[in-house]
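No value in this document is a laboratory result; all are computed from the given coordinates. Please read all numbers here as calculations on a predicted model, not as lab measurements. Note that each Cβ is placed from the backbone with ideal geometry, even for glycine, and that neighbours are counted across all protein chains shown.
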Amino acid sequence: MSEHETASFPDGFLWGAATAAYQVEGAAREDGRSPSIWDTFSRVPGKVRDGDTGDIAVDHYHRWRDDVRLMAELDLNAYRFSVSWPRVQPTGRGPAARRGLDFYSALVDELLAHGIRPMLTLYHWDLPQELETAGGWPERETARRFADYAHLVARALGDRVELWTTLNEPWCSAFLGYGAGVHAPGRTDQVAALRAAHHLNLAHGLGAEALRAALPASARLSVALNPSAVRARSRSAEDLDAQRRVDALSTRIFTGPMLHGAYPDDLIADTAGLTDWSFVRDGDPAVIKHPLDALGVNYYTPSVVSAATDNRPPRDDGHGGGEHNPWPGADDVAFHQPPGARTAMDWSVDPSGLYDLLMRFSREAPGLPLMVTENGAAFDDEPDPEGAVHDPDRIAYLHGHLNAVHRAIGDGADVRGYFLWSLMDNFEWSYGYSKRFGAVHVDYATQARTPKSSAYWYARLARTSQLLPEVPGMYDAPDAN
Ligand code: PNW
């Protein structure tokens, strides 16, 4: 099957788009919501571009009905969103905030009324600030709090939501949040980051147990990871070792315990100079290995690494450009810009990384369905004088990556769905509103939503499950469908 033929996706394939609570909701102080670590962090001068915050974001907390209508108009059959922990359990402990839960309950009902399957992520980085003040993810207690929160959400929404995801990208939470300090809570302590990774793993396991106990048997549990498609710059033993180490720190630190019930020996050896891992207690790996119904893969760009043997300039690995290393114990690994076209994030476009990851997990975890829980690109999209937003670069990006997904399915990977990041432009973490990942353009002054060409392109795909060979310019108007 070549890129010049139409590619058919399986029946029942989920065609979705994704968002996350802090990135879209706004309404930061409404209905009893308390601050999350991102409310705090975004107020620290210099941490988020232009001093942006999620206070208003794209006002989805008030515009959700219109947003669901838009999803329906775009023929999506699934929507991946996250629940804001501080909105439904403001201090991270104790009883639920009823009005916060009511918001998600109404959202779920509206999605179902439009034939859109909700996929709910419990944690997309917005830890209640009170839990961070008590120590945050480096502390074991936070994992127990998460399980309690998971139970509370499951009891409220479990009768209608079938697809559950515990965590989104725990790598970012642990290593960008506690190691590099470029994400909330902005700490720069490599041991704290490793402890955070373990307690996020434990939160996943305890959370999965709590979900199972509260949900009907038909519920499907998953986690969304951002595994690295990491390549060595050369075949030298040193560069291959750099690749192995980054693979351990980015991916196997999570898939080891989650899929196989143990941390990789090489990871423990590589980090022996930092920690003896005594924060991992007997029994933890068995909890973390709780059976999953799907594995979510978020993918944007590959990495290229080498051993750094000389004095090199400050690292630039595309993780926010901070001065603190998000790779504990790997100060002697250099990151290089992979070849190819770049997005507005300066991330290189290379769909083969997605293919490789899907094939890897289909071999590593036979029988475990896969979902592409995020894939997409930021470009500098602006409306033309008529108000239309043409984004041929995004169409090309999506087309290439969906071809990679199709090729993986043809080669035996059991991929059940694809979620475009993102439904609409939103708060892009430390980049604020400066990076637009949406298929739908948002005018931040008016909150007007305008589907970009890529949204119409994707709608056609969602409607037909047929990926056509690329014809440049074909989707530059809504009526081109
Ligand atoms: C993911 N990195 O974030 C998140 O799940 C989304 O919330 C986010 O908007 C999207 O990808 C685009 O960035 C990432 O530095 C943030 O490697 C940073 C990195 C990876 C993913």
Given N residues in the stretch 149-288, what is its alpha carbon radius of gyration divided by 2.2 N^0.38 Å? 1.15
Taking 7 Å along the Cα-to-C-beta vector as the label spot, tell me the Asp66-Arg463 distance in nanometres, rounded to one decimal. 2.3
Taking only the Cα positions of the stretch 424-463, the convex hull volume per residue in Å³ is 63
Scattering profile of the stretch 214-272 at q = 0.30, 0.31 Å⁻¹ [log10 I(q)/I(0), Debye over alpha-carbon scatterers]: -1.19, -1.21
Cα pair distances exceeding 26 angstrom across the stretch 336-457, given as percent: 28
Would you mind getting the Kirkwood hydrodynamic radius of the stretch 1-83 from its Cα pairs, rounded to one decimal in Å? 15.4
C-alpha center-to-center spacing [the stretch 45-90, the stretch 239-257] in angstrom: 32
If you count, for each residue, the other Cβ atoms within 10 Å and average over each peptide, how do 237-246, 45-54 line up from highest to lowest? 237-246, 45-54
I need to check one value: relative contact order of the chain, counting alpha carbon pairs closer than 8 Å and at least 6 residues apart, in percent. 18
Stokes-Einstein D for the chain, Kirkwood Rh over Cα pairs, 10 °C, 1.306 mPa s (µm²/s): 71
Mean projection area, nm², convex hull over Cα of the stretch 39-144: 8.0
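Would you mind giving the average projected area, over all directions, of the Cα convex hull of the stretch 239-305 in nm² with one decimal?
Mean shadow area of the hull around the Cα atoms is 5.5 nm².
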